[in-house]
1. Once you put a point 7 Å from the Cα of Phe113 and another 7 Å from the Cα of Trp92, both along the Cβ direction, what distance in nm separates them?
2. What list of ³J(HN,Hα) couplings, whole Hz, do you get for region 105-119 from phi and the Karplus terms 6.51, -1.76, 1.60, once you set θ to phi - 60° and write x for glycine and proline?
3. Measuring from the lowest to the highest alpha carbon on each principal axis, how far does region 6-56 reach, largest first, in angstroms?
4. Can you compute the helix-only [θ] at 222 nm over the chain? Use -39500 (n - 2.57) per DSSP H run of at least 4 residues, normalise by all residues, nearest 500 deg cm²/dmol.
5. Out of all DSSP beta bridges with both ends in region 63-132, state the antiparallel percent to the nearest 5.
6. Take the Cβ-Cβ distance between Lys4 and Asn72 as r, set R0 to 35 Å, and report the resulting FRET efficiency rounded to the nearest 0.05.
7. In square nanometres and to one decimal, what's the mean projected area of the convex hull around the Cα atoms of region 63-132?
8. What translational D, rounded to a whole number of µm²/s, comes out for the chain from Stokes-Einstein when the hydrodynamic radius is the Kirkwood one over Cα pairs, at 20 °C and 1.002 mPa s?
Amino acid sequence: MKYKYEVTKRPEGKFLSGRNANECFDKKICPFCRKGLTVFKKDLVCLEEGCLAIFSPPIEKKLINFISTFENYKNEKSGRKANTVRLNLPDWKKEKLAEATHIKIRKGYTKEFFIRKITDKTYWEGIYIISWDSGEK
């Protein structure tokens, strides 16, 4: 189920579940403790003692897709090699890279892949180096 907000902080042992979570967000009621939520900037915050949950709007991910070799994929996924180097990108791929916030790396032509948040895009003498945060998805 797609929720209108993501849980940024939650009470220990509590998980967002149930179909009524979005209804709770609409009514500004905490789905964990059923008390009122306070709006803070774009977040919804529960200030109830023992709850103190924070809900944030989901971040829209703009993905760019690349295919990795089997040899590099393992190191890229684990974070030991948190970047990819690309040569001669077509114009449409350059435009997509300029807008991308996240990178999707696929293992060869298999269904296995991972997604990471892009931290840096460097262009140097015809070479694109795209780096990502090895832990953040």
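We did not get these values from a lab; they are worked out from the coordinates using the rules stated. Since the model is a prediction, treat every value here as computed from it, not as a measurement. Here the Cβ is made from the backbone with ideal geometry for all residues, glycine too, and neighbour counts use every protein chain on show.
1. Modelled inter-label distance: 1.6 nm.
2. Values, residue by residue: 10, 9, 7, x, 9, 9, 8, 7, 7, 9, 10, 9, 7, 6, 10 Hz.
3. 26, 23, 18
4. Helix-only estimate at 222 nm: -4500 deg cm²/dmol.
5. That works out to approximately 75 percent antiparallel.
6. 0.40
7. 4.5
8. 123
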